[in-house]
1. For residue 19, only one of the following conditions fails: (1) over 26 Å from residue 144 (Cβ atoms); (2) surrounded by fewer than 17 Cβ atoms within 10 Å (Cβ to Cβ); (3) of a type in the set (Phe, Trp, Tyr). What is its number?
2. Exactly one of (1) touching a residue at least 40 places away in the same chain (Cβ under 8 Å); (2) crowded, with 16+ Cβ neighbours inside 10 Å is unmet by residue 117. Its number?
3. With the requirement that a residue be among the small types (Gly, Ala, Ser) and part of a helix (DSSP H, G or I), what does region 135-166 give you?
4. Among the residues of region 41-60 satisfying the criterion of being among the hydrophobic types (A, V, I, L, M, F, W, C) and modelled with pLDDT of 95 or more, which is nearest to the chain's Cα centre (by Cα)?
5. Only residues that are closer than 29 Å to residue 35 by Cα and either out of contact with any helix residue (DSSP H, G or I) (no Cβ under 7 Å at 6 or more places or on another chain) or not polar (S, T, N, Q) (or both): list them for region 58-79, please.
6. Test residue 89 against the criterion of being out of contact with any helix residue (DSSP H, G or I) (no Cβ under 8 Å at 6 or more places or on another chain), farther than 30 Å from residue 4 by Cβ and surrounded by fewer than 20 Cβ atoms within 10 Å (Cβ to Cβ), and give yes or no.
7. When you go through (1) touching a residue at least 12 places away in the same chain (Cβ under 8 Å); (2) exposed (fewer than 13 other Cβ atoms within 10 Å of the Cβ); (3) closer than 20 Å to residue 67 by Cβ one by one for residue 135, which number turns out not to apply?
Amino acid sequence: MITYQEAKQILDDKNKVPYPKLINVRRNPLYADIIYDQYAGQYGELSAITQYIYEHININQNEDIKKIMLQIAIEEMRHLDLIGELLLKLGGKAIYIGSNKKLWNASFLNYESMYIKDIMKYNIETEEIAIKGYKKVMSYSRNKSVIDLFERIIQDENAHLDIFERIM
């Protein structure tokens, strides 16, 4: 089991690596449409934020895990902000929809269990889905700064996976 201090150290060490600046991003609404799933789709950043805040509030068995979930939610907020900035540069809107144009809603969250093992299993699955999604959207871009941004976000998601696996 990982402690809050150990998890915070993993996140702090990784955060020493800056996020790349978005440069030479041209208007491309079709590419923006693809990115919406990572922004506010069922397994996107907005869902991750709200899921982890929900867990932070409701996990009462372990204070360290409560604090870890809050720290990871804050990191996911940074991702939401970065992707929102990218959407605007691409000519999209920073609205909470998926690529299917359906509005984000709270039914995307997992309310099923408050057992730590079940929660972490779900979080691991959703982080893996998010990583696959980032790799997919990267494959549609030739812009190095966009690819670098998604690669940097994937580094964060892999750190979250590591933390969740260590909690389990």
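The values are calculated or read from the model by the stated rules, or taken from the named source; none is laboratory data. Here the structure is a predicted model, which is why all the values come from computation and not from measurement. So basically every Cβ, Gly included, is an ideal-geometry build from the backbone, and we count neighbours across all protein chains shown.
1. (1)
2. Of everything listed in (1) touching a residue at least 40 places away in the same chain (Cβ under 8 Å); (2) crowded, with 16+ Cβ neighbours inside 10 Å, residue 117 misses just condition (2).
3. Correct list: 145, 159.
4. 48
5. 68, 69, 70, 72, 73, 74, 75, 76, 77, 78, 79
6. For residue 89, the condition - out of contact with any helix residue (DSSP H, G or I) (no Cβ under 8 Å at 6 or more places or on another chain), farther than 30 Å from residue 4 by Cβ and surrounded by fewer than 20 Cβ atoms within 10 Å (Cβ to Cβ) - is met.
7. (3)
So that you can scan it fast, the table gives a plain yes or no per residue for (1) under 22 Å from residue 101 (Cβ atoms); (2) of a type in the set (A, V, I, L, M, F, W, C); (3) surrounded by 17 or more Cβ atoms within 10 Å (Cβ to Cβ):
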{"residue": "10", "(1), (2), (3)": "no, yes, yes"}
{"residue": "24", "(1), (2), (3)": "no, no, no"}
{"residue": "29", "(1), (2), (3)": "yes, no, no"}
{"residue": "33", "(1), (2), (3)": "yes, no, yes"}
{"residue": "38", "(1), (2), (3)": "yes, no, yes"}
{"residue": "41", "(1), (2), (3)": "yes, no, yes"}
{"residue": "46", "(1), (2), (3)": "yes, yes, yes"}
{"residue": "52", "(1), (2), (3)": "no, no, yes"}
